[in-house]
Amino acid sequence: MKARVYVMPKAGVLDPQGKAIGHALEGLGFGGVNDVRAGKVIELDLAETDPARAKAAAEDMARRLLANTVIESFRVELA
Amino acid sequence: MKAAIVTFPGTNRERDMRVALKRATGRDPLMLFHRDALPPGLDLVVLPGGFSYGDYLRCGAMAAQSPIMRDVRAFAAKGGHVLGVCNGFQILIEAGLLPGGLLRNATLRFLSMDCHMRVERAGTAFTSRWQKGAVFRAPMAHGDGNYFADDATLDRLESEGLVAFRYTDERGEATEAANRNGSARNIAGILSPNLRVCGLMPHPEDLVDPLMGGTDGLPMFESLADAFLPA
């Protein structure tokens, strides 16, 4: 079973990378981009076949390693 | 003093740290690799700077999970003294030994320059040779040193006297300009509640000899030497 973990800078936490991307988009002439936030996606291929258990396991992995919950939030999606 | 320097693949400031410890204590520290075990009888464990595990995932995240960090956590839990500088500070935070997080520098630029810090907490094993309010110079070299914590954590650090060092100008003013990486409340270094775990981003170990351009960082290592004088 595949799981995708989306890790994003928490709301309110400065995201200089997102800001820089926003400036670069502006430089390319893309108007109307109000805000950019940059995070990462981590794909997991899990042996678990039960969706609830797979999701719980991926969330545990996110809490303990994949995200630093002081500065990042995460969301798990099963694929 | 019996000190050990712990290195990981990608650590690169361990020799500077070794020079500083040896100069202040007269004893060569033990050099350990991430697969080694922490031997008993240590007074101090130091996590030096570098780019452990290529900064994969987040700076310090991989090193925090490496086998020797289990020993370092246990050492700290028993009241052992631990110093983390730069990447070592990032590792201590990722290992949960110090609170908060270290974000990308607010300017997005890697900062390689001297900075000034004010000693906010004197009288610890890391700072006893300084007076509170003393200002000293130290080189810094990092891309992710922007200290972050929620307001409740910051307030607790302040009220419990756990902010060790703050970025200031040469006169000791905690200005915005002196806070080049954008750290919350100009925080450069913090302490654990028992004052035995200390992490900071700049490198006092790189100013411990006139040949390096100054000895501003030496008091940290002399403080540690004092703390562990043979009885």
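The values are calculated or read from the model by the stated rules, or taken from the named source; none is laboratory data. No experiment lies behind these values; they were computed from the predicted model shown. Cβ: placed from backbone, ideal geometry, glycine included. Neighbour counts: every protein chain shown. Areas reflect the complete protein model, heavy atoms only, side chains present, ligands, DNA and RNA absent. Shrake-Rupley method; radii C 1.70, N 1.55, O 1.52, S 1.80 Å.
Over all other residues within a Cβ to Cβ distance under 15 Å of B:A152, the charged ones net out to -2, with Lys and Arg as +1 and Asp and Glu as -1. So what does the Cα-only Debye profile of the range B:135-194 read at q = 0.13, 0.21, 0.23, 0.24 Å⁻¹, as log10 I(q)/I(0), no solvent term? Debye curve over Cα of the range B:135-194, log10 I(q)/I(0) at q = 0.13, 0.21, 0.23, 0.24 Å⁻¹: -0.33, -0.86, -1.00, -1.07.
Counting only lysines at least 8 places from B:K132 when in the same chain, those with an alpha carbon closer than 26 Å to its own are B:K22.
Could you tell me which of rounded, prolate or oblate describes chain B, using a ≥ b ≥ c as the square roots of the eigenvalues of the alpha-carbon gyration tensor, with rounded for a/c under 1.5 and, failing that, prolate when a/b is larger than b/c and oblate otherwise?
rounded
With all pairs of different C-alpha atoms in the average, the Kirkwood value for the hydrodynamic radius of the protein assembly as shown is 20.3 Å. Under the simplified labelling scheme, the B:K2-B:T215 pair shows an inter-label distance of 2.9 nm, with each label point 7 Å from Cα along Cα→Cβ.
Only residues of the range B:160-194 count here: report those whose backbone N is under 15 Å from the spot 7 Å along Cα→Cβ of A:H23, or say none. The answer is B:181-182, whose backbone nitrogens lie closer than 15 Å to the label point. Among the residues of A:65-74, the average count of other protein chain beta-carbon atoms within 10 Å of the residue beta-carbon is 5.
Taking a point 7 Å from the Cα of B:D114 along the Cα-to-Cβ direction, the residues of the range B:165-206 with backbone N closer than 15 Å to it are B:168-172, B:203-206. So which residues of the range B:139-173 lose at least 30 Å² of accessible area, probe 1.4 Å, when you go from the chain by itself to every protein chain present? Residues losing area: B:F148.
May I ask for the percentage of alpha-carbon pairs in the range B:9-134 that lie more than 25 Å from each other?
Working: 2151 of 7875 pairs.
Every Cα pair in the range B:9-134 considered, those over 25 Å come to 27 percent.
The fraction of all Cα pairs in chain A landing in successive 5 Å bins from 0 to the largest distance is 3, 15, 22, 16, 13, 12, 9, 6, 3, 0, given as whole percents.
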